[in-house]
1. For region B:37-48, does any single residue satisfy the condition of being more than 17 Å from the chain's Cα centre (by Cα), more than 14 Å from chain A (Cβ to nearest Cβ) and not polar (S, T, N, Q)?
2. So which residues in region B:49-74 are over 14 Å from the mean Cα position of the chain (by Cα), surrounded by fewer than 19 Cβ atoms within 10 Å (Cβ to Cβ) and of a type in the set (A, V, I, L, M, F, W, C), if there are any at all?
3. State all residues of region A:66-91 that are of a type in the set (Gly, Ala, Ser), outside any helix (DSSP H, G or I) and surrounded by 22 or more Cβ atoms within 10 Å (Cβ to Cβ); if no residue qualifies, say none.
4. So which residues in region A:50-75 are more than 14 Å from chain B (Cβ to nearest Cβ) and more than 19 Å from A:GLU94 (Cα to Cα)?
5. I want to confirm something. Restricting to region A:92-101 and keeping residues that are within 8 Å of chain B (Cβ to nearest Cβ) and under 14 Å from the mean Cα position of the chain (by Cα), which single residue is surrounded by the fewest Cβ atoms within 10 Å (Cβ to Cβ)?
6. Sort through B:ASN63, B:ASN89 and tell me the only one that's within 14 Å of chain A (Cβ to nearest Cβ) and modelled with pLDDT under 95.
7. Is it the case that region A:29-51 has a residue that's assigned to a strand (DSSP E or B), more than 17 Å from B:THR99 (Cβ to Cβ), polar (S, T, N, Q) and in contact with a helix residue (DSSP H, G or I) (Cβ under 6 Å, 6 or more places away or on another chain)?
8. Only residues that are in contact (Cβ under 8 Å) with a residue 40 or more places away in the chain and crowded, with 18+ Cβ neighbours inside 10 Å: list them for region B:75-97, please.
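The values are calculated or read from the model by the stated rules, or taken from the named source; none is laboratory data. Remember, predicted model here, so these are calculated numbers, not experimental data. Backbone-built Cβ (ideal geometry, glycine too); neighbour counts: all protein chains shown.
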Amino acid sequence: MMKKCEILVVCRHPDILATVVRLINNNPEWHATGCQSDDEAVKAFMLTKHNVVLIGAGVEAESEAKLREEFIALNPKVKVVQHFGGGSGLLSAEIYGALQK
Amino acid sequence: MAQTVLHKAATRGFADHGWLKSHHTFSFANYYNPERINFGALRVLNDDSVDGGRGFGEHPHDNMEIISIPLEGDLEHRDSMDNVAVIKNGDIQVMSAGTGIYHSEYNKAANSQVKFLQIWVFPNKRNVEPRYDQLTLQAEDRHNKLQQVLSPNPDDAGVWIHQDAWFNLGEFDKGITTEYKMHKPGQGVYVFVLKGDVNVNNVLLNTRDGLGIWDTDQFSITAETDAEFLLMEVPMEF
């Protein structure tokens, strides 16, 4: 079985987080983990080798900078991108774009 | 020298969901074309038709400036800030999704389609407080002249968004020409033709064609037939 692309979503808004995780998991080649807090996100990142991290709604600039630094230190190949839109509109393009970088 | 990118109408992405038919100028949902992701801060330009009695159920958005311009029919808007409103041809609607907003948009008419443009612009600031606004525009204010319908300034004409963007509508009789001047260096304009034929710096555009133009301070627009068009000026770097 082909290994799924692992995507970590960090988003403070619980409903938007749930929506984004559900939409990602609709793609059989992708698997999403959603976290609301920075601590949860770092713990999840240490447990799974994520290919992409999406920074979503409500994550403060300071948190985003810290998370980027920490994720890249743990896995220099990870792609950390900002998620915009909160739904299906831009999600696929953001993930495909990150994977092609 | 001005640079341009031409998107002919027939080359846009297309999604047919039965009740919704949507032409995507840029990658959106299941349409992905790495050559067509955005034009500067302009990220989404969807040309949507919604069947009677149908619509977009409640769904969330964040961190995007979302502008809707109805072209035919009426859309009923509801959102998580308790706004309930109908937008119709001649109106413009704007939402700053910011930290998160839920909304629905329905065609209340049972038997007629609603057609509208759905435009998304990247914000210049993440996680702003969500907001909603709509405005009724006067058609005579764009006859043979440009009508500003959006800007970054709450006190300026039209609605406003969190981005250095200016939108103008024009409804020109055949033969009318105007010059458009960029508001700032580093900006570009995406011209979208709603109806008719328009010549932009010697590039002929037909109905629903789009042309991005940048690396210039100004350009000319001439109506080759009676024509309606939308100009979207956005930062090329943001």
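1. Initial filter on region B:37-48 (more than 17 Å from the chain's Cα centre (by Cα)): none.
For region B:37-48, residues more than 17 Å from the chain's Cα centre (by Cα), more than 14 Å from chain A (Cβ to nearest Cβ) and not polar (S, T, N, Q): absent.
2. Listed by number, the list holds a single entry, B:PHE56.
3. Looking only at region A:66-91, we keep the residues that are of a type in the set (Gly, Ala, Ser), and these are A:73, A:85-89.
If we keep only those that are outside any helix (DSSP H, G or I) as well, we get A:85-87.
Of everything in region A:66-91, those that are of a type in the set (Gly, Ala, Ser), outside any helix (DSSP H, G or I) and surrounded by 22 or more Cβ atoms within 10 Å (Cβ to Cβ) turn out to be A:GLY85, A:GLY86.
4. A:LYS66, A:GLU69, A:GLU70, A:ALA73, A:LEU74, A:ASN75
5. In the first step, residues of region A:92-101 are kept if they are within 8 Å of chain B (Cβ to nearest Cβ); the result is A:92-93, A:96-97, A:100.
Subset that is under 14 Å from the mean Cα position of the chain (by Cα): A:92-93, A:96-97.
Numbers: A:SER92: 19, A:ALA93: 22, A:TYR96: 14, A:GLY97: 17.
Per the stated criteria, the residue is A:TYR96.
6. Working: B:ASN89 fails: within 14 Å of chain A (Cβ to nearest Cβ).
Going through B:ASN63, B:ASN89 in turn, just one is within 14 Å of chain A (Cβ to nearest Cβ) and modelled with pLDDT under 95: B:ASN63.
7. Scanning region A:29-51, I find at least one residue that is assigned to a strand (DSSP E or B), more than 17 Å from B:THR99 (Cβ to Cβ), polar (S, T, N, Q) and in contact with a helix residue (DSSP H, G or I) (Cβ under 6 Å, 6 or more places away or on another chain), so the answer is yes.
8. B:LEU75, B:HIS77, B:ASP79, B:ILE87, B:ASP91, B:ILE92, B:GLN93, B:VAL94, B:SER96 - these are the residues of region B:75-97 that are in contact (Cβ under 8 Å) with a residue 40 or more places away in the chain and crowded, with 18+ Cβ neighbours inside 10 Å.
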